[in-house]
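Working notes, beginning with the structure itself.
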Amino acid sequence: MNKKVNCILLIDDDEPTNFLHKIIIDDSGLANKVVAVQSGYEALEYLENKEDGEYPQPDLIFLDINMPAMNGWEFLEEYNKLDEGIKGKVVVVMLTTSINPDDKKKALSKGFINGFLSKPLSKEMLEKLIDSEL
């Protein structure tokens, strides 16, 4: 039986990709809420603002690498500076079109990146990730 998470945060500058991934997640029934933002800055703003008196602390973050203004690596640098009470116990997965093996190596060398997946997200990828990581 598949687990269900409370919230998934999608960080990708490509609006159609976020739209597609949100549909896949919604159709899977594996998350109560999906939040999609188009930049690392928007993601940090979302994470740092309380909802109903509490920080949102998504269970899972899907992060694109190649984005303008603040790329995935820059987001991670800023994310790591956040207070633990803001971050919570989040699983971070790079979800990218990058085929550069150095990107995968870099992602997996960081202790807090839980995976490196190629777009597009599929229901099967999501199920496997949630069952194994959360």
message: I need the phi-derived Karplus couplings for region 102-115: 6.51 cos²θ - 1.76 cosθ + 1.60, θ = phi - 60°, integer Hz, Gly and Pro marked x.
response: 5, 5, 5, 4, 4, 4, 6, 7, 7, x, 9, 8, 8, x
Full-extension gain in nm, residue 102 to residue 128, via 0.36 nm per residue minus C-alpha separation: 6.9 nm
task: State, to one decimal in nm, how far the label point of residue 19 lies from the label point of residue 83, with both points 7 Å from Cα in the Cβ direction.
output: 3.8
message: Just to verify a number: FRET efficiency for residue 112 and residue 27, C-beta to C-beta distance, R0 = 25 Å, to 0.05?
response: 0.30
Calculated volume of the Cα convex hull per residue in Å³ (choose from [x] 159; [y] 95; [z] 103), label: [z]
field: the chain, dipole about Cα centre (Lys/Arg Cβ +1, Asp/Glu Cβ -1), debye to the nearest 20
entry: 540
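Since every read-out is calculated from the coordinates, none of them should be taken as a lab result. Just so you know, these numbers come straight off a predicted model, no measurement behind them. Backbone-built Cβ (ideal geometry, glycine too); neighbour counts: all protein chains shown.
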